[in-house]
Every structure is written in C-alpha cells, then in structure tokens.
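See structure below.
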Amino acid sequence: MNDLKLRILYVEDNPDDQLILKRSLKEKMPINFDLITVDTGTKGLNKIEKENFDLLILDYRLPDITGIELVKELKKRNIKTPIILLTGKGSENVAVDAMKLGVRDYIVKEGIAPKRLINSIKDILMTSSLPETVDLETAKAIATLFAENPIIQIESTSTLMSNPKSEIPVEQLVSALRNLAEIDIVEEEPSRSIIACPDCGSLTATLYLECPECESTQMNKEEALEHFDCGNIDFRTKFDKDEGRLVCPKCGKKLKIIGVDYRKIENWYRCSNKHFFGQPTFKFVCSTCNGRFPLEDIRIDMLHNYKLTKSGSQMLKLGMKATELTEQSRDKKSSQKT
Ligand SMILES: [Zn+2]
Ligand SMILES: [Zn+2]
Ligand SMILES: [Zn+2]
C-alpha cells in the first residue's frame, strides 16, 4: 500500500455540502486522503497556521468572513498551499478576484461534478509539486522513467541520448533534470567528461580526420613499408608480388631483410590527394550548429547520472497518482463510448 496520504482541509459551514464533497472524494479519489472539515473562516485560518495541508478547499460563503477574505489572510501570512474556491452560481466577479489572488481553481458548487473536482485536484497536485522551469509533460515523462528505473544515465556518442530512452527529446530531458537537481528533486552524479561545441555548447560533437596538408577528409589507413635504398614509403599492398615476394614499386628492386634494407610502419595514411602521413589531424564537427573545430578549441562538459532524492520520490508519488487519475478518467470515457 501507498504510504502517501493527501491532507485536505475543507472550510464549509453547510453540513449537507460537507457530506456531498466527502462522498464525491470517497467515490472517485484513488489516492488515500484525510479530509478535515471546519465550519468558519477563523477556525480554518487557525488550523492552516498550525498544521500542514496539501490542499485547501474553501467555500466562498462562510458565517464569519468570505472565502476571498480568507484567501487574503493566507496571502498576508505567506501561506502558499494550493486553494480551490467553491461558490454559488453567477458570481463571476468572485472568480476573477479569486484568480487574481492566485487561487488555483474555482468551482461552482451547484451540481458539482466529482470528476471536475478530481481533475482539478490532479492538476493542482501535479503543478504544485513542480518548479516553474519544468512543464507538466516533461515531468510526466521523467516520472515514467523513474517509475521503472532507479537511474537515468545521459550518454552521448554522435547524438545525446538517455538510458532508458524517453518519449521527450533528450535535450529537453537533460535541461529538466538539471533544473530538478537545482531544487533537490533529483541528485546528479558526474559520469564522464564530454566534448562540447565551443560555439553553441551542444554535446553532439563527432570526431573526424583530416589530411594535415590539404584538409581532405577522405583517407585510407594501412600498414606501410619504407624502402631505405630509394626512400620510398608506400602501403604494403603496393610491394606485394606473387608468392609473398616484396618488390619496391618505385625503384623495382626486391626487398631483402626487414630492418636492414626496409622497415615496417604500422599506421600509414594516404589522403584522396595522395599525401602520405603518419598521423591525421583530429577535428570535430558539431551536429547541432555544424561548426568545425580542432582538438585545441574543444570545451569540456560533464555528463551525469540522475537519481531521485527523498523529496523527489515524494513528488514522484504525487505525480504518478495524478497520472493515474488522468488515465482512469480517460479509461472511463473510452469505455463509455464503446
Ligand atoms: Zn592531402
Ligand atoms: Zn625502392
Ligand atoms: Zn555547435
């Protein structure tokens, strides 16, 4: 069983309304919750100051103060618990005031649909557990990854990728994970250094080779032989004659003893313009901005693995529950259709 319990405070003086809301939540909420009810604004305020709640549901019409006045009092005390305001029909001006004060949702009480209420709670839970820099879709994708894997690794070969893979673009994933690390939802561990493009910072640089003389990027690499007598260096295949005999293609003499009249060179390159060289120039191309740069100019960045922190796990549980709620209401809709 899930140990996570949602604490909701409902400020409502009408016993019938108290009962209706309690019943709606009981029927439709798949998350464990405590619903605490008080019947005046003052009692509500006292309780909110003393205890922690995940959500406040306030009736607009209370015996002592209005719901809006209560919201203002909370604002004065810098209490940021998400609020849903309930009100009677035809109070559009109240709705506008409420939204201006940062109330998260506004629901008309008459014929309150449990589904509407649950959806509202779901959205509020999801967004209030997130930093502003991470949007809901990204958070859901990250929650899905962490639900099945304890660690997300970021890797880069020619393209950046995550292990496990995500349905959202990896750049988006990385920037979201970095934001989440800043606020302690995930912790990041350095995994390895990586080459970053000096122009755009992208981590998708690919190594390529150039001829040091003409910058041709087309070359062969083979074993080569150097004939001391005439100074000719060429690929071994050019010296190979029938029956394993070696003959210099430049001077036509037979090669005799290795180390005496010729030597072996392990790595020899020849470019498409027929330049020979022992080592090509290392260059990088950025697959994001297409910039090209030599080894000396590279920037070094760090790849990380990401793990959920304790508070991150808590957030994830809320997030997953919220996703469950979405899927349940979606399932219901599609089963009603068929
Ligand atoms: Zn060349
Ligand atoms: Zn020769
Ligand atoms: Zn670049």
Next item on the list: Take the Cα of GLU222, step 7 Å along the line toward its Cβ, and report every residue of region 229-255 whose backbone nitrogen sits under 17 Å from that point.
Entry: 232-252, 255
Margin query: Just to be sure I understand: with springs between alpha-carbon atoms less than 10 Å apart, which residue in THR138, THR66, THR204 has the highest mean-square fluctuation in the Gaussian network model of the chain?
Written below: THR66
Note to self: Per residue of region 250-256, what does 6.51 cos²θ - 1.76 cosθ + 1.60 with θ = phi - 60° give for ³J(HN,Hα)? Whole Hz please, x for Gly and Pro, Karplus curve as stated.
What the structure shows: 8, 9, x, 7, 7, 7, 9
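Divide by every residue of the chain the summed helix terms, -39500 (n - 2.57) for each DSSP H run of at least 4, and state the resulting mean residue ellipticity at 222 nm, rounded to the nearest 500 deg cm²/dmol.
Rounded to the nearest 500, the figure is -11000 deg cm²/dmol.
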Check: Given charges of +1 on the Cβ of Lys and Arg and -1 on the Cβ of Asp and Glu, with all other atoms neutral, how large is the dipole of region 220-270 about its Cα centre, in debye to the nearest 20?
Finding: 100 debye
Note to self: Residues of region 202-228 with the amide nitrogen closer than 18 Å to a label point 7 Å from the Cα of ILE258, along Cα-to-Cβ, please.
What the structure shows: 222-228
Notebook entry, point to check: Once the dipole of the chain is set up with Lys and Arg at +1 and Asp and Glu at -1 on Cβ about the Cα centre, which of SER24, HIS275, LEU130 lies farthest towards its positive end?
Noted result: SER24
Note to self: I want the local charge near ASN232. Using Cβ-Cβ distances under 11 Å, sum +1 for each Lys or Arg and -1 for each Asp or Glu among the other residues.
What the structure shows: 0
Notebook entry, point to check: Near ILE257, within a Cβ-to-Cβ distance under 15 Å, what is the net charge of the other residues, with Lys and Arg +1 and Asp and Glu -1?
Noted result: +3
Item checked: Placed amide H near PHE33: partners under 5 Å, 5+ positions off or other chain -> LEU6
Checklist line | Net charge contributed by nearby residues that have their C-beta within less than 12 Å of VAL285 (K/R +1, D/E -1) | finding: 0
Next item on the list: Distance check, please: which entries in LYS50/LYS140; LYS5/LYS115; LYS75/LYS310; LYS28/LYS317 exceed 22 angstrom between their Cα atoms?
Entry: LYS50/LYS140; LYS75/LYS310
Notebook entry, point to check: About the Cα centre of the chain, what is the dipole size in debye to 20, counting +1 per Lys and Arg Cβ and -1 per Asp and Glu Cβ, all else neutral?
Noted result: 560 debye
Notebook entry, point to check: Measuring with a 1.4 Å probe in the full set of protein chains, what accessible area per residue, in whole Å², belongs to region 6-128?
Noted result: 50 Å²
Notebook entry, point to check: Per residue, what volume in Å³ does the convex hull of the Cα atoms of region 1-107 enclose?
Noted result: 101 Å³
Check: For the pair GLU171 and PHE277, what calculated FRET efficiency results from E = 1/(1 + (r/R0)^6), where r is the Cβ-Cβ distance and R0 = 45 Å, to the nearest 0.05?
Finding: 0.75
Item checked: Three-way shape call for region 183-264 based on the alpha-carbon gyration tensor, with the a/c threshold at 1.5 -> prolate
Check: From the backbone phi of region 276-293, what are the Karplus-calculated ³J(HN,Hα) couplings (6.51 cos²θ - 1.76 cosθ + 1.60, θ = phi - 60°) in whole Hz, Gly and Pro given as x?
Finding: 9, 7, x, 8, x, 7, 8, 10, 10, 10, 8, 7, 8, 9, 6, x, 10, 8
Check: Contour minus end-to-end for LYS80 and GLU189, with contour as 0.36 nm per residue of separation and end-to-end as the Cα-Cα distance?
Finding: 36.1 nm
Item checked: Residue-by-residue Karplus 3J(HN,Hα) for region 96-108, coefficients 6.51, -1.76, 1.60, Hz, glycine and proline x -> 4, 4, 4, 5, 4, 7, x, 5, 6, 8, 9, 10, 7
Next item on the list: Name the residue farthest towards the positive end of the dipole of region 220-270 from the options GLY252, PHE239, TYR262, assuming +1 on Cβ of Lys and Arg, -1 on Cβ of Asp and Glu, about the Cα centre.
Entry: GLY252
Item checked: Interchain or long-range residues, amide H under 5 Å from SER191's placed H -> LEU303, HIS304, ASN305
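Using a 1.4 angstrom probe on heavy atoms only, work out the carbon and sulfur share of the accessible area of the chain in %.
Answer for the chain is 48 percent, counting heavy atoms of protein chains only.
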Next item on the list: Mind jotting down the distance between the C-alpha centroids of region 267-312 and region 197-245, whole Å?
Entry: 19 Å
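Let me spell out the model: positive unit charges on the Cβ of Lys and Arg, negative unit charges on the Cβ of Asp and Glu, origin at the Cα centre of region 6-128. What dipole size does that give, in debye rounded to 20?
Values: 21 positive and 19 negative charges, 77 e Å.
That gives a dipole near 360 debye.
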Check: Using Cα pairs under 8 angstrom and six or more residues apart, how large is the relative contact order of region 6-128, in percent?
Finding: 24 percent
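The values are calculated or read from the model by the stated rules, or taken from the named source; none is laboratory data. Remember, predicted model here, so these are calculated numbers, not experimental data. FYI the Cβ positions are ideal-geometry reconstructions off the backbone, even for glycines, and counts take in every protein chain you see. For the accessible areas, the whole protein counts, side chains as well, though only heavy atoms, and no ligand, DNA or RNA atoms are used. Shrake-Rupley method; radii C 1.70, N 1.55, O 1.52, S 1.80 Å.
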